[in-house]
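S.K.: For reference, the structure I am asking about is given below.
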Amino acid sequence: MSTVLVVAEVAQGSLKKATLSAVTFAKQACAALGAQFNILVLGGPGAGKAAEELRAYGAAKVLLCEDPSLTDYVAERFAPTVAEAAKGCALVCATATSFGKDLLPRVAARLDAAFAGDCSALQDQGGKLVFKRPTYAGNAYASVELSSAVAVATVRQSEFEGAATQGTPCPVESITLSAAGAAAARVEFVSISQVKSERPELGDARIIVSGGRAVKEKFFEVLEPLAAELGAAIGASRAACDAGYAPGDYQVGQTGKIVAPDLYVAVGISGAIQHIAGMKGSKTIVAINTDPEAPIFQLADYGLVMDLFTAVPALVSALKARKAAG
Amino acid sequence: MKILVAIKRVIDPDNANKIRVTSAGDSIDAKGLEWKLNPFDEYALEAALRLTEDGKAPKKREGEVVVVTLGPKEAETQLRAALATGADRAIRIEASDDQLDGRLVAKALCSVALTEKPDLILLGKQAVDGDSNFVGQALAELLDFPMATFAATINEEQGAVLVSREVDGGLCTLRLRLPALVTVDLRIVAPNSVRSLKTAPEFKYNDGVRFAPLPAIMAAKKKPLDVKTLSDVTAGAQLQSRYFKFELPPARKAGIKVPDVATLVNKLATEAKVL
Ligand SMILES: Cc1cc2nc3c(=O)[nH]c(=O)nc-3n(C[C@H](O)[C@H](O)[C@H](O)COP(=O)(O)OP(=O)(O)OC[C@H]3O[C@@H](n4cnc5c(N)ncnc54)[C@H](O)[C@@H]3O)c2cc1C
Ligand SMILES: Nc1ncnc2c1ncn2[C@@H]1O[C@H](COP(=O)(O)O)[C@@H](O)[C@H]1O
């Protein structure tokens, strides 16, 4: 039976929920190929906890490579072990987070394999996989067939709901670290600054409140109360990030995070092609903008032509009043 | 420092919503749209120039910047523009987009890098036509180079670069000993994002990329531009990805404007049922 390999993402010792989207993708691939799937967990001491957690998702086994040299993620140290585990597999996949996007192309090159990035759907064409993926900022969906022995793909988190637990837990098998090459010896991990937030992560959030250039230095002052009221994550346009109103990793768009929440509230965002590419899959879109001609209104289910500095506080009050009324 | 910058022309990204699919459905029809340099490659070039100069004397190149593209003859427009902006030499590998996938591009660039022996290779984090985000990482693996993707800042050190990368949840800083490879993200062209050892710590660049003055555009016509064939640099490797169908996304159904906040809340609760 052929095998599909899912590369799990572990950060600070815990499993990233995004991994479960790649598991869903792998299950679809298995159905088409008549294959089974394994999940590979790499990390420093303590990564076994994530492996333990992943036993419950229907894999044939969880492979665990636990080594002090894998405590901090560096592609050059991870890629050799992933490529070794991928040998003989039909497909290797991971979710297209900054981890998956960094690592899997490197793995593909190591395997001389063809690659499909940020896949939004998988189709079964007579037992052959067809990868569907957005191109041109989501303005065209391309279908691609990969003919290498192993195919490598990353998975758009917003298009594949995280897998649920199923069946009896599978075994965990420890695997050894593969020797890293010259590249690994020339890279030094210096630091990672993780911004701690009370809010849900953009990729997992059911509601997102996103601010644009117009929110200015009042970014958090204006958006935080609304996000709190809605239990929402906070996003931003590039202009807001570039101006320093919001951290860079809040950016939603073609070249930022791709999101598809139930509700996306765009506040003072014009709706440039690159921004729309990251949020047009949202179920319901609300736009608040003073310019009735702003392109965001062509996309919005509900448009409110109003000054955001009045509209947002009014919205917060209305939501509070609604809650109080039960 | 010698820097190799891989650049690609793409269909005008600001009009990407005007592309069509050919009637056969197997390729993109971009008739009437302009070609532009991939924005991330424009930023990679700007970063290369900043790394090979003293910020206050940008006319003098300290080292060499070589730009390379895989593309048809028309892509020389973008190469000449890069030469006018400050690159020293250009290489074009004759190919049309349908002859290429990321794997072949990486193999071709690998071959160029083995000949050119740059200290640093800079690329965009993604070409905004295919949105693949693949070539840089693959090239680093083929060359066994250390890499830093999605770079927000690059600071030159003695024999190394210190790179801050934009990752989920924050910034990750890596130190790469040269030769190395970096793919750049949007904020690499901010005033303090890139600094060579020559540039004073207090020096601030203008935000964004520089533009070529007219005399430089004339002078660029005389700078060297070599052309190679694809078989020169891919040793007969074949395409392994077949893009056989393109579809436009389904249109979103038109929404409405609401007159006030109360109506909005009401619609969200009763119609969209998201509250
Ligand atoms: C290579 C590349 C990649 C890019 N990637 C991304 C990306 O991933 N994500 C992204 O977002 N952008 C991206 N961009 C940038 C994009 O093209 C736009 O420049 C950006 O999205 C604009 O942000 P904005 O809507 O906040 O600002 P603007 O376009 O300036 O819009 C501000 C809006 O606020 C409105 N406004 C002003 N005052 C008020 C007020 N008081 N109340 C209410 N409304 C008000 C205005 O009418 C206007 O519509 C990219 C660009 C390039 C070149
Ligand atoms: N045809 C090409 N010629 C030169 N460089 C390219 C080409 N295609 C991709 N690249 C480089 O690789 C980067 C990533 O591209 P991609 O993996 O296609 O998203 C781009 O930003 C360019 O720097």
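The values are calculated or read from the model by the stated rules, or taken from the named source; none is laboratory data. As the structure is a prediction and not an experimental result, all values here were calculated from the model. With ideal geometry, Cβ positions are generated from the backbone for all residues, glycine too; neighbour counts draw on all protein chains shown. To get the accessible areas, we keep the full protein, side chains included, count just its heavy atoms, and leave off ligands, DNA and RNA. Shrake-Rupley method; radii C 1.70, N 1.55, O 1.52, S 1.80 Å.
S.K.: Of all the residues that make up the stretch A:280-311, how many are of a type in the set (A, V, I, L, M), part of a loop (DSSP other than H, G, I, E, B) and within 9 Å of ligand 1 (Cβ to nearest atom)? Spell out how you get there, then give the answer.
M.R.: Going residue by residue through the stretch A:280-311, those that are of a type in the set (A, V, I, L, M) are A:285-288, A:294, A:296, A:299-300, A:304-306, A:308, A:311.
Those still in the list that are part of a loop (DSSP other than H, G, I, E, B) too: A:294, A:299-300, A:306.
Still in the running and within 9 Å of ligand 1 (Cβ to nearest atom): A:294, A:306.
So the count comes out to 2.
S.K.: Next up: Of all residues in the stretch B:9-53, which are without any contact (Cβ under 8 Å) to a residue 24 or more places away in the chain and in contact with a Ser or Thr (Cβ under 7 Å, 6 or more places away or on another chain)?
M.R.: B:29
S.K.: Scan the stretch A:217-254 for residues that are more than 11 Å from ligand 1 (Cβ to nearest atom), within 12 Å of another protein chain (Cβ to nearest Cβ) and either assigned to a helix (DSSP H, G or I) or not aliphatic (A, V, I, L, M) (or both) and report the count.
M.R.: So the count comes out to 7.
S.K.: Tell me which residues, restricted to the stretch A:255-280, are open to solvent by 20 Å² or more (accessible area, probe 1.4 Å), within 9 Å of another protein chain (Cβ to nearest Cβ) and more than 16 Å from ligand 2 (Cβ to nearest atom).
M.R.: Passing the criteria: A:257, A:262, A:272, A:273, A:276, A:280.
S.K.: Testing residue B:182 on (1) more than 16 Å from ligand 2 (Cβ to nearest atom); (2) in a strand (DSSP E or B), one condition comes back false. Which one is that?
M.R.: Among (1) more than 16 Å from ligand 2 (Cβ to nearest atom); (2) in a strand (DSSP E or B), residue B:182 violates only (1).
S.K.: Could you list all residues from the stretch B:234-248 that are modelled with pLDDT of 95 or more and open to solvent by less than 80 Å² (accessible area, probe 1.4 Å)?
M.R.: B:239, B:240, B:241, B:243, B:244, B:245, B:246, B:247, B:248
S.K.: Can you spot a residue in the stretch B:54-74 that is among the aliphatic types (A, V, I, L, M), open to solvent by less than 30 Å² (accessible area, probe 1.4 Å) and in a loop (DSSP other than H, G, I, E, B)? Lay out the reasoning, then the answer.
M.R.: Filtering the stretch B:54-74 for residues among the aliphatic types (A, V, I, L, M) gives B:57, B:65-68, B:70.
With the extra rule that they be open to solvent by less than 30 Å² (accessible area, probe 1.4 Å), the set shrinks to B:65-68, B:70.
If we keep only those that are in a loop (DSSP other than H, G, I, E, B) as well, we get none.
Taking every residue of the stretch B:54-74 in turn, none turns out to be among the aliphatic types (A, V, I, L, M), open to solvent by less than 30 Å² (accessible area, probe 1.4 Å) and in a loop (DSSP other than H, G, I, E, B).
S.K.: Only one of B:98, B:41, B:129 is on the phi < 0 side of the Ramachandran plot, within 13 Å of ligand 2 (Cβ to nearest atom), at pLDDT below 95 and of a type in the set (D, E, K, R); which? Even if it seems obvious, please write down each step before you answer.
M.R.: Numbers: B:41 fails: at pLDDT below 95; B:129 fails: at pLDDT below 95.
Every option except B:98 fails the conditions.
S.K.: Within the stretch A:256-272, is even one residue more than 25 Å from residue B:258 (Cβ to Cβ), within 7 Å of ligand 1 (Cβ to nearest atom) and free of Cβ contacts under 8 Å to residues at least 60 places away in the same chain? Show your work before the answer.
M.R.: Initial filter on the stretch A:256-272 (more than 25 Å from residue B:258 (Cβ to Cβ)): A:256-258.
Filter again for within 7 Å of ligand 1 (Cβ to nearest atom), leaving A:256.
From what's left, free of Cβ contacts under 8 Å to residues at least 60 places away in the same chain: A:256.
Yes, there is a match, as at least one residue in the stretch A:256-272 is more than 25 Å from residue B:258 (Cβ to Cβ), within 7 Å of ligand 1 (Cβ to nearest atom) and free of Cβ contacts under 8 Å to residues at least 60 places away in the same chain.
Okay, residues lined up against (1) of a type in the set (Gly, Ala, Ser); (2) more than 30 Å from residue A:308 (Cβ to Cβ); (3) not in a loop (DSSP other than H, G, I, E, B):
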| position | (1), (2), (3) |
| --- | --- |
| B:191 | no, no, no |
| B:227 | no, yes, yes |
| B:233 | no, yes, yes |
| B:265 | no, no, yes |
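S.K.: Which of the residues spanning the stretch A:65-75 are of a type outside the set (Val, Ile, Thr) and open to solvent by 10 Å² or more (accessible area, probe 1.4 Å)?
M.R.: Across the stretch A:65-75, the qualifying residues are A:66, A:67, A:68, A:69, A:72, A:73.
S.K.: Is it true that some residue in the stretch B:85-94 is away from ligand 2 (no atom under 16 Å from the Cβ) and in contact with a Phe, Trp or Tyr (Cβ under 9 Å, 6 or more places away or on another chain)? Let's see the steps before the verdict.
M.R.: Step one: filter the stretch B:85-94 for residues away from ligand 2 (no atom under 16 Å from the Cβ), giving B:86, B:88.
Imposing the further condition that a residue be in contact with a Phe, Trp or Tyr (Cβ under 9 Å, 6 or more places away or on another chain) reduces the set to none.
The answer is no; no qualifying residue exists.
S.K.: Can you pull out every residue in the stretch B:181-213 that is farther than 23 Å from residue B:78 by Cβ and in contact with a helix residue (DSSP H, G or I) (Cβ under 8 Å, 6 or more places away or on another chain)? Lay out the reasoning, then the answer.
M.R.: So the first thing to find is which residues in the stretch B:181-213 are farther than 23 Å from residue B:78 by Cβ, and the list is B:190-192, B:195-204.
Answer for the stretch B:181-213, where residues must be farther than 23 Å from residue B:78 by Cβ and in contact with a helix residue (DSSP H, G or I) (Cβ under 8 Å, 6 or more places away or on another chain): B:190, B:195, B:196, B:199.
S.K.: Would you check which residues across the stretch A:169-203 are in a loop (DSSP other than H, G, I, E, B) and at the interface with chain B (Cβ under 7 Å from one of its Cβ atoms) and list them?
M.R.: Here is the first cut: in the stretch A:169-203, the residues in a loop (DSSP other than H, G, I, E, B) are A:169-171, A:175-181, A:186, A:195-203.
Of everything in the stretch A:169-203, those that are in a loop (DSSP other than H, G, I, E, B) and at the interface with chain B (Cβ under 7 Å from one of its Cβ atoms) turn out to be A:181, A:186, A:195.
S.K.: Still on this structure: Would you mention how many residues in the stretch A:148-168 are among the hydrophobic types (A, V, I, L, M, F, W, C) and in a loop (DSSP other than H, G, I, E, B)? Spell out how you get there, then give the answer.
M.R.: Filtering the stretch A:148-168 for residues among the hydrophobic types (A, V, I, L, M, F, W, C) gives A:149-153, A:155, A:160, A:163-164.
Filter once more, so that each one left must be in a loop (DSSP other than H, G, I, E, B): A:149-150, A:160, A:163-164.
Summing the residues that are among the hydrophobic types (A, V, I, L, M, F, W, C) and in a loop (DSSP other than H, G, I, E, B) in the stretch A:148-168 gives 5.
S.K.: Out of B:157, B:166, which single residue is open to solvent by 20 Å² or more (accessible area, probe 1.4 Å), of a type in the set (D, E, K, R) and within 16 Å of ligand 1 (Cβ to nearest atom)? Before the answer, list the steps.
M.R.: Numbers: B:157 fails: within 16 Å of ligand 1 (Cβ to nearest atom).
Result of the check over B:157, B:166: B:166.
S.K.: Follow-up. Looking only at the stretch A:86-103, decide whether some residue is part of a helix (DSSP H, G or I), more than 18 Å from the chain's Cα centre (by Cα) and within 25 Å of residue A:190 (Cα to Cα). Reasoning before the result, please.
M.R.: Our first condition is that a residue be part of a helix (DSSP H, G or I); within the stretch A:86-103, this holds for A:86, A:98-103.
Next cut, more than 18 Å from the chain's Cα centre (by Cα) only: A:86.
Okay, now just the ones that are also within 25 Å of residue A:190 (Cα to Cα), so none.
No, the stretch A:86-103 has no match at all.
S.K.: In addition: Among A:325, A:314, A:287, A:232, which is among the small types (Gly, Ala, Ser), over 30 Å from residue B:189 (Cα atoms) and open to solvent by less than 20 Å² (accessible area, probe 1.4 Å)?
M.R.: Details: A:325 fails: open to solvent by less than 20 Å² (accessible area, probe 1.4 Å); A:314 fails: open to solvent by less than 20 Å² (accessible area, probe 1.4 Å); A:287 fails: over 30 Å from residue B:189 (Cα atoms).
None of the other options fit; the residue is A:232.
S.K.: I'm trying to understand the selection: among the residues of the stretch B:2-52, which are open to solvent by 60 Å² or more (accessible area, probe 1.4 Å) and of a type in the set (Asp, Glu)?
M.R.: B:14, B:26, B:34, B:42
S.K.: Take the stretch A:16-46 and flag every residue that is under 18 Å from residue A:102 (Cβ atoms), more than 14 Å from chain B (Cβ to nearest Cβ) and outside any helix (DSSP H, G or I).
M.R.: Residues satisfying the conditions are A:40, A:41, A:42, A:43, A:44.
S.K.: What about residue A:87, is it under 23 Å from residue B:101 (Cβ atoms) and out of contact with any helix residue (DSSP H, G or I) (no Cβ under 9 Å at 6 or more places or on another chain)?
M.R.: Numbers: under 23 Å from residue B:101 (Cβ atoms): yes; out of contact with any helix residue (DSSP H, G or I) (no Cβ under 9 Å at 6 or more places or on another chain): yes.
Criteria met by residue A:87.
S.K.: Turning to a different aspect of this structure: Out of A:51, A:47, which single residue is surrounded by fewer than 23 Cβ atoms within 10 Å (Cβ to Cβ) and either modelled with pLDDT of 95 or more or among the hydrophobic types (A, V, I, L, M, F, W, C) (or both)? Full working, then the answer.
M.R.: Numbers: A:51 fails: surrounded by fewer than 23 Cβ atoms within 10 Å (Cβ to Cβ).
None of the others qualify; the one that does is A:47.
S.K.: So which of B:175, B:187 ends up being open to solvent by 20 Å² or more (accessible area, probe 1.4 Å), of a type in the set (Lys, Arg) and either in a helix (DSSP H, G or I) or modelled with pLDDT under 95 (or both)?
M.R.: Numbers: B:175 fails: either in a helix (DSSP H, G or I) or modelled with pLDDT under 95 (or both).
One residue alone meets the criteria, B:187.
S.K.: Which of the residues spanning the stretch A:117-144 are more than 7 Å from every other protein chain (Cβ to nearest Cβ), in contact with a Leu (Cβ under 9 Å, 6 or more places away or on another chain) and surrounded by 23 or more Cβ atoms within 10 Å (Cβ to Cβ)?
M.R.: Of everything in the stretch A:117-144, those that are more than 7 Å from every other protein chain (Cβ to nearest Cβ), in contact with a Leu (Cβ under 9 Å, 6 or more places away or on another chain) and surrounded by 23 or more Cβ atoms within 10 Å (Cβ to Cβ) turn out to be A:122, A:131.
S.K.: A further question follows. With the requirement that a residue be crowded, with 24+ Cβ neighbours inside 10 Å, over 25 Å from residue A:253 (Cβ atoms) and out of contact with any Pro (no Cβ under 7 Å at 6 or more places or on another chain), what does the stretch B:105-138 give you?
M.R.: B:106, B:108, B:109, B:121
S.K.: Using beta carbons and a limit of 8 Å, which pairs, at least six apart or on different chains, have the first residue in the stretch A:30-45 and within 16 Å of residue A:80 (Cα to Cα) and the second one open to solvent by 50 Å² or more (accessible area, probe 1.4 Å) and not in a strand (DSSP E or B)?
M.R.: A:43/A:71; A:44/A:68; A:44/A:71; A:44/A:72
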